[in-house]
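Here is the structure we will look at.
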Amino acid sequence: MRKIVFVLMLSAVFMYSCSMKDKETNPLLKEWETEYQTVPFDEIKISDYEPAIKKAIEIHNKEIQEIINNKEKANFENTIEALDYSGKLLRRVVSVFNNITLSNTNDELQALQEKLSPMISSHEDEIKMNEQLFNRIKTVWDNRSKEKLNNEQLHLLKNTYDSFIRRGALLTKEKKEELKKVNEQLTTLVDKYNKNVLAETKNYKLVVSNEKDLQGLPDWLIENARSSANKMGEKNKWVFTLDNASCLPFLTYCDNRQLRKEIFLARINRCNNSNQYDNNKITEQILSLRAKFAEILGYKSFADWQLEERMAKTVGKADTLLKDCLQYAIAAAKEDAKSFQSLLSKDEKGAKLEGWDMYYYAEKLKKLRYDFDEEQTRPYFEIENVKKGCFNNITRLYGLKFEKLDNIQTYADDIDVYKVTNKQGEYVGILYFDPYTRAGKSSGAWCDTYQEQYKEKSQKGYKNVNPLVTVCFNFAKQKERTTLTADEAKTVFHEMGHATNAFLSDGTYPSTASFNVPTDFVECASQLAEHWCMHPQVLKTYAKDSKGNVIPMDLVNKIQMAETFNQGFMFTELLVAAYLDLKMHSISSLDTINIQIFEANIMKEIGNIPQIPSRYRSTYFTHIFGGGYSAGYYCYIWSEMLDADAFQAWKETGDIFNSKVSKRFATYILAQGGMDDADKQYMLFRGKEPNKIYMLQNRGLVSFNNNSQQNTEKNASLKKDDKE
């Protein structure tokens with residue numbers, strides 16, 4: 001997942017003047033003299049953030065005022081380009097602060113986040129609602145045909161103009177003030193929401209004192225649980241948490257149904273327990289305020305406002321894609337549930353299948369059908385081997401190489417740092433690889449940057465700024481040899497797909513480079529990278545056990561057969577989350593909702609089976625309430641349609657490393673960033689519109705056989721839907 005946070009992230013030339021005191025004492029305000037200009041983590045104290053952000057805002061305001069006071073008539077260079085290059089210091093400080101609060105936070109940082117986030121949000125509003133600045137932008141927009149602008153410049157101009165309108169530039173003074181208040185309230189609520197989810201997740205622990213209750217669990221999980229217990233002062237016991245690396249394996253393998261029920265209910269009821277961390281009212285308030293935000297700007301709903309600048313364009317198109325996929329997924333899920341119920345009935349006569357049985361019996365059925373257990377894959381996916389295999393794959397596709405560095409400062413233990421170079425051996429950027437879970441780390445996996453790529457302007461021309469990229473995971477560190485499952489190995493390839501996108505970016509301006517693309521396009525590169533992870537041709541290069549034995553082909557075959565297994569359950573929980581998100585953000589400001597009732601009604605509307613909750617329920621759905629995926633969780637499905645279709649370009653050549661296809665993808669997708677409309681970029685790469693048939697086929701929900709009249713009709717219908 002590409003982590004996106006709603007704060008000001010405007011990029012710019014590093015033109016600022018600090019007092020000597022700031023230069024001497026605050027590492028966030030001085031030029032970094034570290035090798036490769038990496039973040040001097042060892043020098044930064046928590047007390048440095050607030051004065052640095054305040055100073056950076058002050059400097060940015062001066063830069064904005066210089067643009068406004070320019071006596072020359074507004075043109076692209078002195079207005080649009082100058083604006084995009086402004087605020088570099090603020091972007092840099094905020095990038096460090098945001099990444100630290102995601103990956104290594106504490107109470108002091110969380111309190112600071114609550115204080116500083118509204119300040120940053122307010123600063124962004126002040127810029128977007130500045131009439132004098134907007135008038136200059138509008139002048140450039142109105143006279144765009146008189147300037148010889150290239151495609152990237154035209155795209156930047158349009159996005160800049162649109163972004164000001166979308167943030168209230170055309171509103172009356174009274175409406176602007178109203179919008180500012182809404183944004184300030186939202187910022188405070190979002191921070192509180194995130195803080196509650198982190199606390200509820202980290203505070204829960206399932207303590208097991210009877211060794212018999214561990215039956216079915218793999219040895220590594222038992223060892224981790226004992227280690228966790230010791231750290232928490234629970235001697236001679238085992239502790240399991242709500243972190244995915246602990247909770248999901250427990251639900252998958254624990255024979256004790258009552259304990260599975262306990263941790264499952266704790267997981268799906270996070271921040272829904274009527275305690276100090278309850279997010280029900282906060283969720284309702286956020287939705288109401290976002291609807292109000294959209295209404296002030298003249299939109300029917302927040303979802304309509306969001307999707308306007310995405311590939312889907314309209315709520316209707318996203319809704320259609322989700323409903324179409326749900327028909328396939330829920331039908332398959334119902335069939336899977338029948339099989340799970342049969343197994344449960346044999347174990348416990350008269351018992352009814354519940355949500356806490358789904359992972360457990362899915363694993364049992366998979367073992368029965370394919371003689372395959374996900375844990376069988378673990379010996380072959382040692383984390384260092386997976387990392388090297390992923391790096392080698394990127395090298396073979398795009399020519400990037402990774403060299404480990406030992407002298408770069410990091411913010412915590414167990415973080416590896418790599419220097420990245422291109423085919424010509426030229427320095428491209430720095431990668432921070434942060435693999436393991438820790439107390440102050442947000443759950444899940446993500447990729448972000450401390451510095452994005454762009455070209456810095458000077459009197460001598462443009463000089464490339466190299467990105468500083470971080471990939472973060474929450475794998476459970478094991479005592480001797482940390483191993484991953486095949487699915488966890490895919491997560492490494494996924495996040496490194498984002499990182500590859502960042503390293504190959506070739507944008508001129510901060511706002512047209514790297515990840516500055518529609519949210520439903522940003523996951524394309526990362527999800528595409530997963531296709532190589534389990535390919536036999538790639539597996540043999542890195543999937544090896546402790547003795548160096550390559551993963552056997554019979555196990556590879558089982559992995560491939562099992563990849564389409566249980567997709568009814570897996571795809572349904574993802575689709576339900578996306579549909580819930582879209583519907584929640586489609587309410588108007590006049591709607592009053594009880595979020596729990598609203599959620600239950602959505603489940604009934606789509607005909608979901610009760611054993612499958614949304615992958616993320618409303619009270620802990622941080623992607624949409626704490627990050628940048630509001631009204632956009634559907635983006636994962638949209639991007640999956642793209643990545644499945646894109647991988648076909650390699651498959652059609654008979655060579656998954658076809659250099660011509662790799663070059664096209666690097667040129668038209670990875671390097672382009674936000675230089676043009678995403679749909680145009682994809683068409684340049686693929687030569688035709690994406691077809692969702694490949695996504696459904698990959699998940700085993702549709703058989704694709706051109707010799708079958710029935711499937712030919714299905715395919716024609718699917719293609720027709722795509723055009724619509």
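As I understand it, the dipole of the chain uses +1 on the Cβ of Lys and Arg and -1 on the Cβ of Asp and Glu, about the Cα centre. Which of TYR432, ASN159, LEU28 lies farthest toward its positive end?
ASN159
Quick one: compute a quarter of the convex hull surface over the Cα atoms of the stretch 294-357 and quote it in nm².
Quarter of the Cα hull surface area: 6.6 nm².
Give me a comma-separated list of calculated 3J(HN,Hα) values for the stretch 227-244, in order, Karplus coefficients 6.51, -1.76, 1.60 applied at θ = phi - 60°, integers in Hz, x for any Gly or Pro.
These are the phi-based 3J(HN,Hα) values: 4, 5, 4, 4, 5, 8, x, 9, 5, 6, 9, 10, 10, 10, 10, 8, 4, 3 Hz.
Using Cα centres only, tell me the gap between the stretch 125-157 and the stretch 39-85 in whole Å.
18
So what's the gap between the Cα centers of the stretch 208-272 and the stretch 364-385, to the nearest angstrom?
Using only Cα atoms, the two centres lie 20 Å from each other.
Rounded, prolate or oblate, given the Cα gyration tensor of the stretch 167-238, with a/c below 1.5 counting as rounded? Show your work: numbers first, answer last.
Working: a/c = 6.20, a/b = 4.43, b/c = 1.40.
Prolate shape, in that a/c is at least 1.5 and a/b is the bigger ratio.
Can you send over the carbon and sulfur percentage of the accessible area for the chain, probe radius 1.4 Å, protein chains only? Can you show the working numbers first?
Values: 14070 of 30370 Å².
Answer for the chain is 46 percent, counting heavy atoms of protein chains only.
Please list, in order along the stretch 206-213, the HN-Hα scalar couplings obtained from phi with the Karplus expression 6.51 cos²θ - 1.76 cosθ + 1.60 (θ = phi - 60°), rounded to whole Hz, x for Gly and Pro.
So the Karplus estimates, Gly and Pro as x, are 9, 9, 10, 10, 9, 4, 5, 6 Hz.
Give me the extension gain from GLU31 to ASP554: residue separation times 0.36 nm, minus the current Cα-Cα distance, reported in nm with one decimal.
182.8 nm is the gain from fully extending GLU31 to ASP554.
I'd like the orientation of helix 131-142 relative to the chain: the angle between its Cα long axis and the longest Cα principal axis, in ° from 0 to 90, rounded to 10.
Approximately 90 degrees, to the nearest ten.
Ranked from highest to lowest mean number of other Cβ atoms within 10 Å per residue, what is the order of the peptides 199-211, 49-61?
49-61, 199-211
Compute the accessible area per residue over the chain, keeping the other protein chains in place, probe 1.4 Å, unit Å².
Accessible surface, normalised per residue, equals 42 Å².
Cα gyration tensor of the stretch 240-303, axes a ≥ b ≥ c as square roots of the eigenvalues: rounded (a/c below 1.5), prolate (a/b > b/c) or oblate?
Here the stretch 240-303 falls in the prolate category.
Would you pull out the residues with amide H under 5 Å of TYR616's amide H, same chain only if 5 or more places away, H placed 1.01 Å from N?
For TYR616, the qualifying residues are ALA577.
Quick one: Debye curve from the C-alpha atoms of the stretch 120-261, no solvent, what's log10 I(q)/I(0) at q = 0.14, 0.15, 0.18 Å⁻¹?
Log-scaled intensity ratios, in q order: -0.72, -0.78, -0.99.
Can you find, among TYR579, TYR454, THR188, the residue farthest towards the positive end of the dipole of the chain? Put +1 on the C-beta of Lys and Arg, -1 on that of Asp and Glu.
TYR579
Dipole size in debye (nearest 20) for the chain around its Cα centre, Lys and Arg Cβ +1, Asp and Glu Cβ -1?
The dipole magnitude comes to about 560 debye.
When the C-alpha atoms of the stretch 376-459 are aligned to their principal axes, what extent does each axis show, in angstrom, from largest down?
Result for the stretch 376-459: principal-axis Cα extents of 57, 33, 24 Å.
As I understand it, the value is the acute angle between the Cα axis of helix 358-370 and the longest principal axis of the Cα atoms of the chain; what does it come to in degrees, rounded to 10?
Computed tilt is about 60 degrees.
Give the residue list of chymotrypsin sites (Phe, Trp or Tyr not before Pro) in the stretch 554-606 that are DSSP loop and have at most 16 other beta-carbon atoms within 10 angstrom.
Counting only loop positions with at most 16 other Cβ atoms within 10 Å, none of the chymotrypsin sites (Phe, Trp or Tyr not before Pro) in the stretch 554-606 qualifies.
Enumerate by residue number the trypsin sites (Lys or Arg not before Pro) in the stretch 495-559 meeting two conditions: DSSP loop (anything except H, G, I, E, B), and at most 11 other Cβ atoms within 10 Å of the site's Cβ. Before the final figure, lay out each step's value.
On the way: sites: LYS540, LYS544, LYS547, LYS558; in loops: LYS547.
Filter output for the stretch 495-559: LYS547.
If the stretch 563-671 were replaced by its equivalent ellipsoid, with semi-axes equal to the square roots of 5 times the Cα gyration tensor eigenvalues, what would those be, largest first, whole Å?
Semi-axes, largest first: 35, 18, 10 Å.
Using amide H atoms built 1.01 Å from N in the peptide plane, name the residues 5+ places from PHE381, or on other chains, whose amide H lies under 5 Å from its own.
Hits under the 5 Å cutoff: LEU484.
Take the alpha carbon gyration tensor of the stretch 262-341, find the square roots of its eigenvalues, order them as a ≥ b ≥ c, and report rounded if a/c is under 1.5; if not, report prolate when a/b exceeds b/c, else oblate. All intermediate terms of the calculation are to be shown ahead of the outcome.
On the way: a/c = 4.26, a/b = 1.19, b/c = 3.59.
Oblate shape, in that a/c is at least 1.5 and b/c is the bigger or equal ratio.
Got a sec to turn the phi values of the stretch 681-698 into Karplus ³J(HN,Hα) couplings, 6.51 cos²θ - 1.76 cosθ + 1.60 with θ = phi - 60°, whole Hz, x for Gly and Pro?
Working through the residues one at a time gives 4, 5, 5, 5, 6, 8, x, 6, 6, x, 10, 6, 4, 5, 5, 5, 5, 4 Hz.
Amide H to amide H, which residues 5 or more places from ASN464 or on other chains are under 5 Å from it, using H placed in the peptide plane?
Correct list: GLU456.
What per residue convex hull volume, in Å³, do the alpha-carbon atoms of the stretch 219-369 yield?
Expressed per residue, the convex hull around the Cα atoms of the stretch 219-369 is 198 Å³.
Which percent of Cα pairs goes in each bin when the distances of the stretch 401-531 are cut into 5 angstrom slices starting at zero?
In order of increasing distance, the bins hold 2, 10, 17, 21, 21, 15, 8, 4, 2, 1, 0 percent.
Kirkwood hydrodynamic radius, the stretch 33-149, all distinct C-alpha pairs: what's the number in Å?
Result for the stretch 33-149 stands at 16.2 Å.
When only alpha-carbon atoms are used, what values of Rg and Dmax, in angstrom, describe the chain?
25.5, 84
Using the alpha-carbon atoms, what tilt in degrees (0 to 90, nearest 10) does helix 88-103 show relative to the longest principal axis of the chain?
Relative to the chain, helix 88-103 is tipped by roughly 20 degrees.
For the stretch 100-142, count all C-alpha to C-alpha pairs, find those more than 14 Å apart, and express that count as a whole percent of the total. If you can, show how the numbers build up before the last one.
Working: 570 of 903 pairs.
More than 14 Å apart: 63 percent of the Cα pairs in the stretch 100-142.
The values are calculated or read from the model by the stated rules, or taken from the named source; none is laboratory data. Quick caveat: nothing in here was measured; it's all calculated off a predicted structure. Note that each Cβ is placed from the backbone with ideal geometry, even for glycine, and that neighbours are counted across all protein chains shown. SASA here: full protein model, heavy atoms, side chains in, ligands and nucleic acids out. Shrake-Rupley method; radii C 1.70, N 1.55, O 1.52, S 1.80 Å.
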